[in-house]
Amino acid sequence: GLSTQPIWRKLWDDVMKTRPPNSENITCWRKKFLETFFSNVLHGVLDVSSDWRLNDHHFSPLLHSSPHVSQLTLCNMLQGAVELTAEHNQKVLENLAGSLRILKFQHLLSSDQSIRRSLVLLLHRLIHHGSVSQVSMYSWPVPDTVLLVLILSMSAGFWRSGNALVYHSSPCGLCREEDKAQSQESAQERAERGRYDEREWSDDENQKEPPRALKEADVEVNGYRADARLNSVLSRPRSPPLQNQVCEEASSEVPCDDTSIQGGSSPRCISDQLSCHPVLRKTRRRLKSAVGKKRRCLRRSRGPYADPEDLYDFVFTVAREDNSRLLDKNSATEGENAENWSTSSPGSPCTGHAGCKKRGGSAGIFSLKAAHRFRSVSTLELFSIPLTGETCRTLSNLLSSWVSLENLVLSYNGLGADIFCILSGLRALSRHSDCHLRVVRVSDVFSHMPCMELVRCILSAFPQLHTLSVSFDLKNQLEGNRPEGNPSCSEVEIPESCLEQLEIRFPREPLHTAFLLPVLKASKSLQQLSLDSATLPCSQELGLLLEVLKECNPNLKKLSFHDVNLAEHQKEVLLLLQDPVLQEITFSFCRLFESSTTEFLSEIINTVKRNSSLKSLKLPGNRLGNHRLVALADIFSEDSSSSLCQLDVSSNCIKPDGLLEFTKKLEGHIQQRGGQIQFTHLRLFQNWLDQDAETAQEALRRLKAVCSVVNDSWDSSQAFADYISVM
């Protein structure tokens with residue numbers, strides 16, 4: 001029953017000899033130590049020979065700590081991947097396959113073929129036959145396209161069992177065992193099917209002898225049917241958890257026009273139709289001839305990308321086999337979606353038809369004919385990784401059938417017009433009945449379409465989303481130039497959604513409630529709403545917004561405004577503060593007191609005192625100053641019914657003497673209430689507390705006896721100098 005946390009904390013100091021980042025947020029020092037220990041040994045940061053407790057040839061640091069590793073980061077030249085796939089670390093890799101959940105890549109560099117071979121083995125073991133559910137990539141200014149596509153495709157569960165994608169001579173042991181079991185199962189099914197067909201033919205012969213041509217045709221059909229069935233069994237997902245829907249596509253000998261990635265008629269269906277309709281028997285013979293030619297062509301076509309170095313060519317060239325295959329289940333649906341999605345610029349969207357051809361041919365279609373489908377991850381995050389048009393089209397086609405994906409984060413990828421390509425893939429994904437996507441976060445420097453239009457596009461396709469975040473820094477000057485014939489997404493009707501959290505950062509564009517209100521009305525389950533950097537074109541806009549929130553979003557608990565000028569909206573601010581449902585309100589850098597009077601501050605205090613549902617009030621960056629901070633202490637007076645637990649007054653020009661006066665006043669109110677107060681957290685980041693260190697320390701010491709105080713050692717003079725320098 002005794003805690004070992006102090007022991008692991010001391011081990012950290014003895015072995016790591018560094019201060020752990022965010023130590024106040026570490027809940028389990030044992031896990032933190034062992035994960036960091038594994039990573040430091042793997043990357044050569046920690047020399048085990050320097051500590052007498054670790055310098056033992058019988059002791060394997062990686063093997064000892066690997067069962068406790070749930071998160072791993074691979075950097076630079078992927079030296080960690082090479083080490084983990086070495087023969088002597090086979091047991092370490094097996095342990096990681098069971099324990100690792102999050103795999104991160106950071107600051108990657110270009111790699112040679114041997115390193116990529118090790119990475120393929122690692123990803124195949126940890127994702128396809130392991131437990132990794134999240135792949136995140138960070139800070140890759142000039143990404144290696146081959147390496148990036150490899151990570152993305154294997155994260156999506158695709159792995160080609162041929163010379164193009166398999167970087168070792170034979171499949172892994174787990175694959176061989178599963179193939180053997182599935183082959184036995186399929187052979188048994190074929191035998192049963194054959195006996196059933198024989199009984200069926202004997203019954204038919206008793207009634208009427210069929211024509212000889214029909215006999216020959218059906219023999220061919222049955223043979224093809226059995227082969228196709230065997231191939232479909234062999235192409236099933238390998239691992240039960242997080243399985244994706246698999247198309248029952250044939251092996252490399254099957255003509256590439258027979259099926260599409262997601263749907264279409266199968267060879268068996270075509271053959272059955274031909275067998276059942278005598279008029280089409282001649283067509284059946286032509287089909288057979290065409291099939292033979294296609295098989296021969298496909299065998300010859302393996303040559304251009306047979307070299308393992310040509311993964312890039314496999315991804316972007318093999319699609320030329322058939323540009324007519326669409327991501328949709330039929331051409332009618334595709335036409336409908338082209339009209340409804342309506343966010344395409346010429347050649348931008350990766351829809352698998354003319355759009356991709358205009359942008360450089362068939363590079364956008366990720367042909368999966370020769371690829372097996374394995375287990376895939378449920379979370380994909382790409383931070384600060386520029387994506388080219390070709391990479392976007394590849395990602396789009398991976399997304400189109402990535403049904404296990406639950407969380408998608410695309411942050412600062414320089415998408416530009418290629419956002420339409422990503423949207424096309426998401427649209428195709430939304431048509432899968434077993435799609436699991438629940439969280440989408442998109443952020444970038446420039447917006448290529450209005451924020452609200454992007455929000456409506458995504459929600460119209462994914463009404464089942466729980467979280468949607470759209471954030472842009474600047475508005476693209478070319479925004480709004482759309483091809484003729486494509487209506488705006490703002491005209492698309494939004495179905496009732498399951499959205500619980502909506503975050504929008506506007507690139508200094510007006511907040512037109514005409515576009516936002518339909519989204520709010522369709523989101524009855526909304527619990528959190530954040531609006532950032534929006535401008536209010538007229539005074540009535542905010543009033544309309546509050547009315548809709550009150551009528552249509554009864555479950556809204558958290559509301560945040562950041563960098564929205566509310567100086568002239570004092571009435572609306574007070575209405576929000578007295579809302580009986582909201583539990584957290586944020587007015588961050590909203591210039592609340594820019595043109596206000598003393599009465600406005602008193603009204604805010606009295607309103608909060610009467611609101612028993614409000615738990616958190618965040619007012620950073622509103623120039624409270626000393627006198628307004630002291631006045632806020634009255635929220636906790638004896639006659640207050642407030643349940644406020646958290647107060648954020650960061651970046652409010654607060655000086656040490658003002659903080660000390662606030663502390664004394666707060667102590668007086670607590671004493672009057674007999675120590676009964678719910679106030680627990682005070683945030684004081686980036687205030688002027690360095691101007692009088694002694695007074696600030698006294699105020700903080702007395703405050704910490706009342707509540708938890710979070711502050712920083714901020715140099716106000718340097719910050720002011722920086723502010724002046726960029727004015």
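The values are calculated or read from the model by the stated rules, or taken from the named source; none is laboratory data. As the structure is a computational prediction, the values presented were derived from the model and not from experiment. Heads up, the Cβs are rebuilt from the backbone with ideal geometry, glycines too, and the neighbour counts pull from every protein chain shown. Accessible surface areas use protein heavy atoms only, side chains included; no ligands, DNA or RNA. Shrake-Rupley method; radii C 1.70, N 1.55, O 1.52, S 1.80 Å.
Could you check, for region 62-84, whether at least one of its residues is acidic (D, E) and farther than 23 Å from I115 by Cα? No, every residue in region 62-84 fails to be acidic (D, E) and farther than 23 Å from I115 by Cα.
Looking at region 320-434, the strands (runs of 3 or more DSSP E) lying wholly inside it that each contain 1 or more residues that are at pLDDT 90 or above, surrounded by fewer than 23 Cβ atoms within 10 Å (Cβ to Cβ) and of a type in the set (D, E, K, R) sit at 379-383.
Out of all the residues in region 122-129, is one or more under 19 Å from the mean Cα position of the chain (by Cα), within 27 Å of E381 (Cβ to Cβ), open to solvent by 10 Å² or more (accessible area, probe 1.4 Å) and at pLDDT 70 or above? No: region 122-129 contains no residue that is under 19 Å from the mean Cα position of the chain (by Cα), within 27 Å of E381 (Cβ to Cβ), open to solvent by 10 Å² or more (accessible area, probe 1.4 Å) and at pLDDT 70 or above.
The set of residues in region 585-611 being in contact with a helix residue (DSSP H, G or I) (Cβ under 8 Å, 6 or more places away or on another chain), among the polar types (S, T, N, Q) and not in a helix (DSSP H, G or I) consists of S596, N611. It is to be established whether one or more residues within region 687-698 are in the same structural domain as I585 (by the TED database), within 40 Å of the chain's Cα centre (by Cα) and open to solvent by 40 Å² or more (accessible area, probe 1.4 Å). Checked region 687-698: at least one residue is in the same structural domain as I585 (by the TED database), within 40 Å of the chain's Cα centre (by Cα) and open to solvent by 40 Å² or more (accessible area, probe 1.4 Å). Where helices (runs of 4 or more DSSP H) fall wholly inside region 16-95, the ranges with 1 or more residues that are in the same structural domain as L2 (by the TED database) and open to solvent by 30 Å² or more (accessible area, probe 1.4 Å) are 29-42, 61-65. Could you count how many residues in region 566-617 are aromatic (F, W, Y) and open to solvent by less than 10 Å² (accessible area, probe 1.4 Å)? Matching residues across region 566-617 total 2.
So, in region 618-630, exactly how many residues are open to solvent by less than 50 Å² (accessible area, probe 1.4 Å) and without any contact (Cβ under 8 Å) to a residue 40 or more places away in the chain?
Summing the residues that are open to solvent by less than 50 Å² (accessible area, probe 1.4 Å) and without any contact (Cβ under 8 Å) to a residue 40 or more places away in the chain in region 618-630 gives 9.
When I115 is tested against (1) modelled with pLDDT of 95 or more; (2) open to solvent by less than 30 Å² (accessible area, probe 1.4 Å); (3) part of a helix (DSSP H, G or I), only condition (1) is not met.
Would you be able to say whether some residue in region 531-548 is among the hydroxyl-bearing types (S, T, Y), in contact with a Lys or Arg (Cβ under 6 Å, 6 or more places away or on another chain) and either open to solvent by 10 Å² or more (accessible area, probe 1.4 Å) or in contact (Cβ under 8 Å) with a residue 24 or more places away in the chain (or both)?
yes
Those strands (runs of 3 or more DSSP E) of region 485-584 in which at least 1 residues are within 18 Å of I604 (Cα to Cα), considering only elements entirely within it, cover 558-562. None of L42, L122 is of a type outside the set (S, T, N, Q) and in contact with a Ser or Thr (Cβ under 6 Å, 6 or more places away or on another chain) except L122. Cβ separations smaller than 8 Å between residues 6+ apart or across chains give the following pairs from region 8-36 residues that are free of Cβ contacts under 8 Å to residues at least 60 places away in the same chain to residues that are small (G, A, S): K31/S70; L34/S65; E35/S65; E35/S70.
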